[in-house]
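Readers should treat all values here as calculations from the given coordinates under stated rules, not as data from a laboratory. Bear in mind that the values here come from a model prediction, so they are computed numbers and not experimental data. Ideal geometry is used to build each Cβ from the backbone, glycine not excepted, and the neighbour counts take in all protein chains shown.
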Amino acid sequence: MSTELTIPAELLPADGRFGSGPSRVRDAQIQAIVDAQPTVLGTSHRQAPVRGVVGDVRRMLAELYELPDGYEVLLGNGGSTSFWDAAAFSLVERKAQHCTFGEFGAKFAEVTRSAPHLDDPDVVNAPAGQIATPRLSDGVDVYAWPHNETSTGAMAPVQRLAGSEGALTVIDGTSAAGGLALDVTQTDVYYFAPQKSFGSDGGIWFALVSPAAIERIERIAASGRYIPASLDLKTAVDNSRKDQTYNTPAVAPLVMMRNQLEWMLSNGGMDFTTARTAESAQRIYTWADAVSAAEAFVTVPSQRSQVVATVDLTPPVDASSLVSTLRAHGVVDIDPYRKLGRNQIRVGMFPAVDPDDVTALTRCLDWLLERTLT
Ligand SMILES: *Cc1c(COP(=O)(O)O)cnc(C)c1O
């Protein structure tokens with residue numbers, strides 16, 4: 001298909017950003033940065049103005065998730081990838097079990113596998129497009145899986161494994177948080193980063209942690225294990241309780257995150273955000289079901305992600321030329337996850353995405369498919 005095609009302007013979405021992270025940023029989040037000048041930006045992260053932003057973000061996350069008594073909101077620098085390293089030092093006592101069904105779950109498994117102080121993990125693997133679920137195993141003290149596997153568009157239930165008492169349930173909520181419903185009591189650690197549903201920039205991690213997780217963090221810290229200071233979750237607990245981070249945080253993304261949380265909460269919290277992602281998901285999967293050249297990659301409907309949709313295209317439709325034509329029109333980042341290597345599009349549908357823009361995207365796709373197939 002030629003990239004010279006010109007999609008009629010009236011078909012285009014109002015906002016063409018459909019990335020799975022970084023993702024669409026709302027204008028009000030940028031205005032919030034402007035408004036933070038000069039009272040917050042450029043001032044010390046040890047003083048009240050910046051600590052106030054951190055405190056607001058922690059308080060609003062607790063409100064969004066209706067955190068039970070004793071649960072706390074932690075944060076630190078480095079994003080979810082750094083959190084995996086921190087977890088290998090501060091959460092896993094000896095052995096983790098990882099359910100892997102895509103790149104992100106597998107990356108965390110590789111972290112604990114290569115950690116010299118830990119036993120090799122137990123890995124429950126499922127092929128891309130399906131999900132793997134935990135199974136009881138002797139000696140496992142952390143059960144870990146992603147709530148939403150961003151690389152494949154599969155979402156998994158978050159429920160404690162019966163009989164796993166004493167072990168921690170540690171869930172990667174990076175792309176799920178803010179957009180998928182969660183009963184936080186089913187987890188000990190639910191960690192994420194701000195560049196997906198929260199429409200902010202990467203580089204920070206947040207974690208909702210249970211009293212059992214705090215107790216584990218404190219016990220390991222007291223055990224004498226070598227832990228690099230920037231990855232020590234005990235240090236993160238101590239700093240987070242003071243609305244601070246161990247080292248200097250990027251302040252503007254915190255301001256953007258606060259604005260997004262205000263937007264979510266003032267519209268009804270998780271009921272609002274999950275209704276919006278459900279609506280977007282319904283529109284794209286209904287489209288994929290109806291179009292003969294398109295097929296949802298995840299075959300089990302209940303596992304089709306509400307925040308990241310993956311849709312396979314059948315030859316002669318070439319996803320990459322479709323993606324580049326759309327890019328030329330400002331409709332961007334619907335490329336499939338690189339390593340999956342499929343003839344696919346992947347569409348981020350985080351809460352900031354207007355479901356009407358998803359519908360507009362499907363209309364653009366229809367328009368392009370018509371010109372590819374005839
Ligand atoms: C994006 C993503 C990550 C990586 O997040 P970073 O902040 O870039 O480290 C990890 N897990 C999942 C499920 C993700 O979607």
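Any chance you could tell me what percent of the C-alpha pair distances in the range 322-374 go past 15 Å?
53
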*asked:* So if a site counts as exposed when it's one of the GluC sites (Glu not before Pro), its DSSP state isn't H, G, I, E or B, and it has at most 13 other Cβ atoms within 10 Å, what's the longest stretch of the chain without one?
replied: 166-374
*asked:* Given axes a ≥ b ≥ c from the Cα gyration tensor, I'd like to know whether the range 151-239 is rounded (a/c under 1.5), prolate (a/b larger than b/c) or oblate.
replied: oblate
*If you place +1 on the Cβ of every Lys and Arg and -1 on the Cβ of every Asp and Glu, how big does the dipole about the Cα centre of the chain come out, in debye to the nearest 20?*
600
_Dipole-positive endmost among P38, T274, S230 within the chain (Cβ charges, Cα centre)_ = S230
*What do the square roots of 5 times the Cα gyration tensor eigenvalues come to for the range 38-99, in whole Å, largest first, as semi-axes of the equivalent ellipsoid?*
29, 17, 9
*Determine which lysines satisfy two conditions relative to K196: a Cα distance under 25 Å, and not lying fewer than 8 residues away in the same chain.*
K107, K339
*Which of T286, V307, M256, positive extreme of dipole for the range 233-334 (C-beta unit charges)*: M256
*asked:* Quick check for you: which residues of the range 229-243 have the amide N under 14 Å from the point 7 Å beyond the Cα of R51 toward its beta carbon?
replied: 238-243
*Inter-site label distance for N125 and A181 at 7 Å from Cα along Cβ, in nm*: 3.4
*Just from the alpha-carbon atoms, what are the Rg and Dmax of the chain in angstroms?*
21.0, 68
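When the expected Rg is taken as 2.2 N^0.38 Å, what fraction or multiple of it is the alpha-carbon Rg of the range 1-124?
1.54
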*Distance between Cα centroids, the range 1-49 to the range 53-77: provide it in whole Å.*
24
_Rounded to two decimal places and with Rh computed the Kirkwood way over Cα pairs, what is Rg over Rh for the range 127-202?_
0.98
*Name the residue farthest towards the positive end of the dipole of the chain from the options P8, G330, S210, assuming +1 on Cβ of Lys and Arg, -1 on Cβ of Asp and Glu, about the Cα centre.*
S210
*asked:* Counting other beta carbons within 10 Å of each residue's own, what order do I227, I171 fall into, fewest first?
replied: I227, I171
